[in-house]
Amino acid sequence: MKLSVNLNKVALLRNSRGGGNPSPLRAARTCVDAGADGLTLHWREDNRHTLASDVRDLRTFAADAGVEFNLEGDLRQELLDLAVELAVTQLTLVPVTPGEVTSDHGWRLPHDADLLAPVLARAKAAGLRTSIFVDARPDLMRAAAQAGADRVEIYTEPYASAYATAGEDAAFEMVAATARAAVAAGMGVNAGHDLSLINLPRLANEVPEIAEVSIGHALVCDALYVGLDAAVRAFARAVRGEAVAGPKTD
């Protein structure tokens, strides 16, 4: 399992004040130096955090540093054009609901397959690895593969919310079963959303199909307490399946 650090929250904090501090690019250097395998940015149309200039800067840095760069976003043309222009390592397509605070569901499959297919086809023709954001539902994986995705990113918030409750095992098994179904359908598996030092090791140890996790919010929150370098190092241990004590928050 590889760790891709999502730096949207760094960009959000910068945008709240204007100027260039904190710098997503400087944060990216710290993350890679601390052991991150890749970098992720989700470029939304409203530019609430990541900007097109951030995508350009971090793609260049990632290429020079020899790590992967994952660009997330919806189906709009400007995002696809930029992904192709910059030859990002991976393009992850994520549905958007107007007014949402953060992504909270996967694509409606097979309903959305016709929308996804031409975008996936263009990205793959340009040599990009493609991924689509999906709910933890094994029955959707055949439709995801038929749409043309190389990978799926499993939405893990339900598992994270159920962790350490009576519903944990059922939520976990949905993620695990979805990962197995994705591989059976010929796709790779990513995962993300609300993963933390607490709930990540179980996935790392028990779902070997997951190739990559994208983590931003929890990691940046931890970084406020212990520093970005220490937070990335802790998450890099967690994706190897180690039990890691997080920072005290009270």
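Structural remarks
- Test: A144 is part of a helix (DSSP H, G or I), buried (at least 24 other Cβ atoms within 10 Å of the Cβ) and among the small types (G, A, S): yes
- Residue in segment 10-23 that is within 24 Å of G188 (Cβ to Cβ) and under 18 Å from the mean Cα position of the chain (by Cα) present: no
- Screening A36 against (1) among the aliphatic types (A, V, I, L, M); (2) under 16 Å from the mean Cα position of the chain (by Cα); (3) surrounded by fewer than 19 Cβ atoms within 10 Å (Cβ to Cβ) leaves a single unmet condition, (3).
- Index of the failed condition, T60 passing every other in (1) within 19 Å of H193 (Cα to Cα); (2) out of contact with any Lys or Arg (no Cβ under 8 Å at 6 or more places or on another chain); (3) of a type in the set (S, T, N, Q): (1)
- Segment 166-190 residues that are within 20 Å of G38 (Cβ to Cβ), paired with ones that are among the β-branched types (V, I, T) and surrounded by fewer than 17 Cβ atoms within 10 Å (Cβ to Cβ) (beta carbon under 6 Å, 6 or more apart): none
- Checking each residue in segment 135-156 for being closer than 16 Å to A177 by Cα and charged (D, E, K, R) picks out D135, R137, D139, R142, R151, E153.
Here's the yes/no breakdown for (1) at pLDDT below 95; (2) of a type in the set (S, T, N, Q):
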{"site": "L3", "(1), (2)": "no, no"}
{"site": "N8", "(1), (2)": "no, yes"}
{"site": "R17", "(1), (2)": "yes, no"}
{"site": "D33", "(1), (2)": "no, no"}
{"site": "L39", "(1), (2)": "no, no"}
{"site": "H42", "(1), (2)": "no, no"}
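- Residue in segment 22-33 that is of a type in the set (S, T, Y), assigned to a helix (DSSP H, G or I), within 19 Å of V67 (Cβ to Cβ) and touching a residue at least 12 places away in the same chain (Cβ under 8 Å) present: yes
The values are calculated or read from the model by the stated rules, or taken from the named source; none is laboratory data. Every value quoted in this text rests on a predicted model; they were computed, and no experiment measured them. Cβ sites come from the backbone with ideal geometry, for glycine too, and all protein chains shown count toward neighbours.
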